[in-house]
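Here's the structure, in structure tokens; my notes come after.
The values are calculated or read from the model by the stated rules, or taken from the named source; none is laboratory data. The shown structure was predicted, so the numbers you read here are calculated from the model rather than taken from an experiment. Note that each Cβ is placed from the backbone with ideal geometry, even for glycine, and that neighbours are counted across all protein chains shown. Quick note on the areas: whole protein, heavy atoms, side chains included, nothing else; ligands and nucleic acids left out. Shrake-Rupley method; radii C 1.70, N 1.55, O 1.52, S 1.80 Å.
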Amino acid sequence: MSLIDTAKRISSPSGPLGLYGFYALALLLFFVSGCTSIKVVRLPPPDTIMSDSVKEVEAVLTGEAVVKSSRIRTKRVLRLEARATRLEADVAVLEAKSFIILSEYNKEKKLKREADMKVKNLEVGEKGLKEGSIPEEPKKGITLKIVLKKLKKASKEAEAIGRKLKRMRPRYIKSSFKLKKMRVKAVKARLKAKEAQSAAELKVARRFASKLEEVKLETIVEESKGADVILLGEVHDSEKHHQFQLDVIKALVKSGRKIAIGMEMFMVDSQEKLDGWIDGEIDFEDFRVLYYTNWKTPWVTYAPIILYAKEKKLDIVALSLERSAIKEVFPRADSEPAPEPELKFDPEALDKAPEIKVTRPVETDAAAEVVSVEGIGPDGKITPEAQAEIDAEVEAEVAAALEVEEEEKEEPSLIMTRDELESITCNAEPEYKSMLRDAIAEHAGDINFDLDRFCRIQIAWDIAMAKSAKAYIEDNPETTLVVIAGGMHVWKRAIPKQLTRLGSESIAELAQARVEAKKARAAAKKAKAAVKEAEETVSNLDIIAARARRVAREAAKAAGKEAAGSFMGLSTGAEDGAYKSPTASEAADMEAASDAGASADVARHNAESAADRLKELEDVSKEAAKVAKAATKKLKHLKKSKSEFNSIVIIPEMPRYEYFRSGSASTDDGDYLLLY
């Protein structure tokens, strides 16, 4: 049984030692593997001369060039590269010869297929003519005699081609085998040359490393006192790197610093469960399931760090972008769904309008009645105006549907919006691209490998981890965040660069938020004043309307008495029953009553309009207050955001990466380098 299997058995609930036994065994595995041999060196500035070449040193000293690193050309490397180049040239020649042989062979195979098909067709014709199912037509050359003659000739041609193919086949097989063998030989030779090159560079790097200042753990802790974030790079399966990370964390805790651990290994949507693990709400087995849901490296690799965090109640911060967001926004070319079939547009279909039959009434002698249907011309076709109206309605419906669909579309990540992810391009520094080329060297021959996609995903990961770290640091300003991530993410051109960019954007956002908050508060104040003025207007108009109603009632009452008197006069007047017209005073009272009623109606209408306007202004004022509150809240949040981040970057040595070697790395890449 291996040590890993033993660890798994011991860590199970039924194991002999349980959780603490597993923790102890995991630590033992670290020490047994010789983790104490790791060495930390302080990286030099980028203008340091790092070459044994006299010409390059002279060029630097005279200002003609700045050498950061140099390719080491030993005699063995040159000999192996020359051999690899010679073999690759031989492969190119063989490929050209093989292509000619293959082309000739395929050409003859095609002729053989055509000849065989011709023979089969003639055999079918011969059979049909003999059985009488095919009638003879001498004028067209369809007779049994002619067909038999053609069949004999075609059979001879097919046999001749077959014999030629039989002679060509050994040559074709031999050429293919020789080419394959030579390719393997050339690849092995090139690989051997690269290994020799790496070994030579590593040897020189070790010589440079011996000249670099070795740094003790206590020095790193002391020099990181003012740091907001400490980035500890790693090679994911290196136990020595993980032991060093644990040593740094323990030293920081021992120094009395308040720290948290940010981990690339957990996606941001796992944060709630991580908090539950630290608080004791999630048991060991459930947490292991969570771990393997997020990361594939064996649990024993990170167990000591995670268990120590639980023991000391240190926050574990999930940094990584969700894997589902990567798949959704950056799909692989071979996993994209097949495109919808393109609908062909037929311009002639416009003139093929369905016939509309209109039943016409019988014409009268006076004139024939003209019958028309709205939107249909006399020729029975849709009129341009009607077609334009239909198109406008369809476009409006489609736009509304798209708008609803866009509103319902969920963001792919908790930390980054869809627009942020889709706007990422591989517009990176040359050094960053060089690092990516080193990283994907093993995929160089894969025609399906998408370099641009790989670059965009790496940058998206850097941005997401920087945003997660920034959010935690701003919410916990007294805590130092220790970031554990791969070397490709922690060097200064990755997460630290994105932190600096986010800090600069925070300054611009803060300035913009101040302007927006000021405008929003001014708008809310103006809206509130308008509401107050409208309330006064409504109050005054209510008073005027009440007075107008009172005057109208009094006038109507007076006019009513005068009208009643006139009526009584009509009843008891002259014996001949003549009508007694109202006096001038009575007419004036009646007219005054009518005017007062009209004035009361106008006053009531004005009061109602003012009340409606007041309601509108109150809604506007509420909305303005809401906007002002949101703008103030945003401003308050941005005031907490940091514009500058002090960071300590420790990168791991990765010999096959130019910027992660002791002979090449500088303070442009990190502050310290891990050697072992």
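Residues whose amide H comes within less than 5 Å of that of Ile259, counting only those at least five positions distant or on another chain, are Thr480 (H built at 1.01 Å from N in the peptide plane). In the context of the full protein assembly, Thr293 retains an accessible surface of approximately 80 Å², using a probe radius of 1.4 Å and ignoring ligands and nucleic acids. Of the listed pairs Lys110/Lys156; Lys216/Lys254; Lys312/Lys633, which have alpha-carbon separations greater than 25 Å here? Beyond 25 Å between Cα atoms: Lys312/Lys633. If R0 is 25 Å, the Cβ-Cβ spacing of Leu414 and Glu281 corresponds to a FRET efficiency of close to 0.75. Applying 1/(1 + (r/R0)^6) with R0 = 45 Å to the Cβ-Cβ distance of Arg332 and Ser155 gives a FRET efficiency near 0.30. For every other residue with a beta carbon closer than 12 angstrom to the beta carbon of Val602, add +1 if it is Lys or Arg and -1 if Asp or Glu, then tell me the sum. Local charge sum for Val602: -1. The alpha-carbon of Lys203 sits under 18 angstrom from the alpha-carbons of these lysines, leaving out residues fewer than 8 places away in its chain: Lys39, Lys68, Lys75, Lys192, Lys194, Lys211. Packing-based ranking of 415-428, 163-176, 661-674, 258-271 yields 661-674, 258-271, 415-428, 163-176, ordered from highest to lowest mean Cβ neighbour count within 10 Å. Taking amide hydrogens as placed 1.01 Å from N in the peptide plane, the amide H of Ile142 sits under 5 Å from those of Glu137, each at least 5 positions away in sequence or on another chain.
Which net charge results when you count Lys and Arg as +1 and Asp and Glu as -1 among the other residues whose beta-carbon is under 10 Å from that of Asp671? So the environment of Asp671 carries a net charge of 0. The H on the amide N of Phe266, modeled in the peptide plane, is under 5 Å from the matching H of Leu319, Ser320, each at least 5 residues off or on a different chain. Applying the Karplus relation 6.51 cos²θ - 1.76 cosθ + 1.60 with θ = phi - 60° to region 142-155 yields 3J(HN,Hα) values of 9, 9, 4, 5, 5, 5, 5, 5, 5, 5, 5, 5, 5, 5 Hz, where x marks Gly and Pro. Per-residue 3J(HN,Hα) values for region 206-217, derived from phi via the Karplus relation 6.51 cos²θ - 1.76 cosθ + 1.60 with θ = phi - 60°, read 5, 5, 5, 4, 5, 8, 7, 6, 7, 10, 7, 4 Hz in sequence order (x marks Gly and Pro).
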